[in-house]
Structures are given as C-alpha cells and as structure tokens.
Amino acid sequence: MSGGTSVGSGGTFVGMPAFPRAAREAVGDATLRANLRHATHTIRDKRARAVAELDDWAALREAGRQIKDHTLRHLDHYLVQLEEAVTAAGGTVHWAADADEANRIVTRLVQETGETEVVKVKSMATQEIGLNEALEEAGIHAYETDLAELIVQLGDDRPSHILVPAIHRNRGEIRDIFRSRMARWGRPAPDGLTDTPAELAEAARLHLREKFLRAKVGVSGANFMVAETGTMVVVESEGNGRMCLTLPETLISVVGIEKVVPAWRDLEVFLQTLPRSSTAERMNPYTSMWTGTADQDGPSTFHLVLLDNGRTDTLADEVGRQALRCIRCSACLNVCPVYERAGGHAYGSVYPGPIGAILSPQLRGTQSAIDASLPYASSLCGACYEVCPVAIDIPEVLVHLRERVVQGGAATRHGNRVTLKPAKGHAVERAAMRAAGLAFARPGALRAGQRLAARTRWLHPRTLPGPGRAWSATRDLPEVPAEPFRDWWQRTRGGTTDGTAERNDR
C-alpha cells in the first residue's frame, strides 16, 4: 500500500524517458500547464513580498552560503561530532553508503519492533531511496501523512514538486481521488465531499487521525541536524509532522549527510530564509526539534540513518558540490520557465526543477539517458540563482555538467576516481566545440572565417540542417553582421589588424 510512485533505488522514476521526450508530452497537457502556472505564480509572488520585508536578506543569503560551504569543507568533522552527540542523548546512529543499505537498515529496524505499519513525515531522502517500495516488499505499509503526499499516494501518482508534491492536481481532481481511494486505505471520504479546501482538509484530517493514534513507528527526514547538540529539526506547515514525531514509540529519521550544520546559532539564519523562500511565511507554523530520547516525552527509541547515496561523490566536485547547499525550499522551481511548462514528472526524479537538474546527475551519475539530459533542461536564464537563499549558482553547475556529458572526463563515482566516457548523441556538439576551440586559438583563421561569413551572409539558411534542425526549430538563427567587429573597430577607431587597436580619443 505504498502507492503508485515507482522509484528505483537510485531515485529514478522507473520507465521514465529522457527529459526532452517527457517534457514534450507534458507541454501538450493543457490542464497540467494551467495548474502549474497558477500555483507557481501564486507562490513566487507571495515569496517576493515576504523576502522584501527583510532589509538584510542579502546578508542572510550570504551567511547561509558561508555556513553551508564551511560545513561541507569540514563535513567529516561535523558528522562525527553529530554521531557522538546523538549517541550521548540516547539515540542510535547508522551509516548508509547507498539507497539499498539505507532501505535494509530501516526495514530491519521496523521488523525488530514487530510492527507492519509506519507513519511518515514528508521526506525527500526517503523518496530518493524508494523507502516506501522497499518496506512494501517486506510486508510493511508506509502511510504518507503530509496532505500533498497523501494525495499523491492515494492517486497512485508521483510527486512533481519539492514543496507541494501534488502541485499538478487541482481541487476537483483531489476531491475525486479522495472519494474513490480513501476507503481502500482506511477511513473513507465523507459522503457528499465537495472540492472546497476546508472540506478536503477535514477529510484528510479524519482519515489520518486514526493512523496517528494507532502507529507505533514513525519515519521522518530532517531539514537540519545540529552537530554540537545532536538535535534534529523538522519544519512544516500542517502539524502532521509533529504527530509523527511525538506519538510513535519508535522514530527512525533518514537524513542526507549534507543536512548537518555546526552549531545551534546557525539555525537563526536558516529559520528565516527557509520559510520565506518556500511557503512565503515569516516562520513555519510548526518547527519541531528533538535531541535523542527523553523519559515520558516522545518516542522511547530514536534511530538516525545518515545517508550518503552519492553525496560524497558530489562533494569531490569543486564546481558541483554547491548543489549540496540546497535547503529544499523549491524557490528555484517556482521561477523556472522550463519547470512551469514541463512540470516535475518530466525530470524523472524526486528532485525536479533546476535543483534537480544539477543534483540528480551528480547523485546518480550521467550514464542514463534521463540523467544525461537533465543538465539541458534549462534556458540558463539565471532566475533560479537569483532566488536561491543559499546562492547556488545553478547555471554554472548546469554548464559544468553539460561539459561532462559531452566531453566525459574525470569524476568520482562510489568513492573512486574514474574517467567517464562521453554520452551518446553528442558527436556533432563535440565536433562543433572542437572546431570553435581551434578557431579561437588561431586569430588568423578566426579573422578569415568571420570575413567569409560576413561576405556570404545572404546565402545563410534560416534554419540549420541535419541534427541542428532540433535547435533552430524553436529559435531564430542570429543574423551575421555586414562586417566583423574586428574590422569595424579598425575602421572606426584605427589600430593594427591583430586586434590591438589604439583609441584615437585619448
């Protein structure tokens, strides 16, 4: 009963095509585009107003970047400190190198309790590793309790947004899912359920309440982990997370190793930037923090599963490692023109949008058709970088990963330094880049080519032939000027023909 989200152990949606084909199909869905356009525009407008309230937003953004970069540079130290603090507080720490190991650990921990049901807090990490599917294979039912995740699970669907997994659904579709599916999972939807938000929320609340009160095991992720105290932090807007974190007897948290921050005071920065960037709130309605276990307060048993699953490999890339700064706010998705039109499913990963386009190919590698296509799922407009609360230069990483896809080269996979082969289908691009490199390295050849292009510009086609047709089908080829810039500069300003012109207006 884990729903229809078919996720492989590497976080790939099984059977998904590469981004161009998946996006082409999504763009043709008028309802999907309307739902996405309405939701993303609403969220990003509210976010802009919330951010504008802070005069020191730029300083907070820079502080967040520096905290994350410092932590990543010393990750080995802070993870050991975290383990010691969690253990001292009564918790147990497990280390998982990959998705399979994490799933085995969690499955064993649940089986040791004798339970066959768990309630879950919304967690990207558990989606990444396909935990629900792994538990299902072991006969354990995982119930999502976040409203949007519940909609996705009941509808045998896949999440399409980091913050709002059911953003692709409208209220009418949600009502129909509740009416037809809730009874299979527990308490049925009320008779005569309408599509008003209050009624839909109440139906979900009644459906989930019995699960909260019955469950003996809870599973969560964490937004942050504080190394100096061993404290876990979960922020949310609904209160379902608070129920999962406090009512069960056993709590298992699966958290990516990059979520650690050094000290308690570091939370002051992120608890301002995360809610404003995600839900456009000044602070999250529910901020839950727990440190190990305590007598007669919350779960009596706490397990922390620290997940690598490609993060150490990503850390080894000096350009790509900035993706590990991500605090999962989803601001980049809400401003991305590509995501707005294609939706999250086209990315073939639990991490959609701009951040997914740089994170998934690093966590999973670029060998599959999906991952090799993701760095191209962007117009490089830079809107994602402008709104990122930790200043991840997503366009820079996209270009970096495109080079890796086209050229191959050195990379780290599973802790080993390897040489990647160029991806298939990029031979023309490689040839074009090599030709450009040769031309730019030879000023005389470049100058001759520019002049030839200018003198024959009336012969130039409006579209490119062969493989280039896919590029020019949606773009106008730029017109070649009547003369190269070098010649124009020499004619109007004077100087030598090698480009070292001297200004005559000194």
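Key figures for this structure:
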| read-out | value |
| --- | --- |
| Residues of the range 174-194 satisfying the condition of being modelled with pLDDT of 95 or more, within 30 Å of the chain's Cα centre (by Cα) and open to solvent by less than 60 Å² (accessible area, probe 1.4 Å) | ILE174, ARG175, ILE177, PHE178, MET182 |
| PRO467, sole failed condition from (1) open to solvent by 50 Å² or more (accessible area, probe 1.4 Å); (2) in contact with a helix residue (DSSP H, G or I) (Cβ under 6 Å, 6 or more places away or on another chain); (3) more than 26 Å from PRO361 (Cβ to Cβ); (4) in a helix (DSSP H, G or I) | (3) |
| Residues (of a type outside the set (A, V, I, L, M), assigned to a helix (DSSP H, G or I) and crowded, with 18+ Cβ neighbours inside 10 Å) located in the range 386-399 | PRO395 |
| Failed item in (1) buried (at least 20 other Cβ atoms within 10 Å of the Cβ); (2) of a type in the set (D, E, K, R); (3) on the phi > 0 side of the Ramachandran plot, with ASP156 passing the rest | (1) |
| Residue match in the range 316-335 (condition: assigned to a loop (DSSP other than H, G, I, E, B) and of a type in the set (S, T, N, Q)) | yes |
| Criterion (surrounded by 19 or more Cβ atoms within 10 Å (Cβ to Cβ) and either aliphatic (A, V, I, L, M) or within 30 Å of VAL269 (Cβ to Cβ) (or both)) met by exactly one of ALA203, ALA198 | ALA203 |
| Top-ranked residue in the range 329-374 [being closer than 19 Å to ARG21 by Cα and polar (S, T, N, Q); ranked as most open to solvent (accessible area, probe 1.4 Å)] | GLN367 |
| Elements of type strands (runs of 3 or more DSSP E) contained in the range 203-311, each with 2 or more residues being farther than 27 Å from GLN362 by Cα and in contact with a Gly (Cβ under 6 Å, 6 or more places away or on another chain) | 286-291 |
| When residues of the range 118-143 are limited to those that are hydroxyl-bearing (Ser, Thr, Tyr) and not in a helix (DSSP H, G or I), the one farthest from ASN309 (Cα to Cα) | TYR143 |
| Counted residues, the range 415-435 - those being part of a loop (DSSP other than H, G, I, E, B) and farther than 14 Å from ASP317 by Cβ | 6 |
| Whichever residue in the range 74-113 is polar (S, T, N, Q) and assigned to a helix (DSSP H, G or I) and, among such residues, is most open to solvent (accessible area, probe 1.4 Å) | GLN111 |
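The values are calculated or read from the model by the stated rules, or taken from the named source; none is laboratory data. Computed from a predicted model, the values in this text were never measured in an experiment. Every residue, glycine among them, receives a Cβ derived from its backbone with ideal geometry; neighbour counts consider all protein chains shown. To get the accessible areas, we keep the full protein, side chains included, count just its heavy atoms, and leave off ligands, DNA and RNA. Shrake-Rupley method; radii C 1.70, N 1.55, O 1.52, S 1.80 Å.
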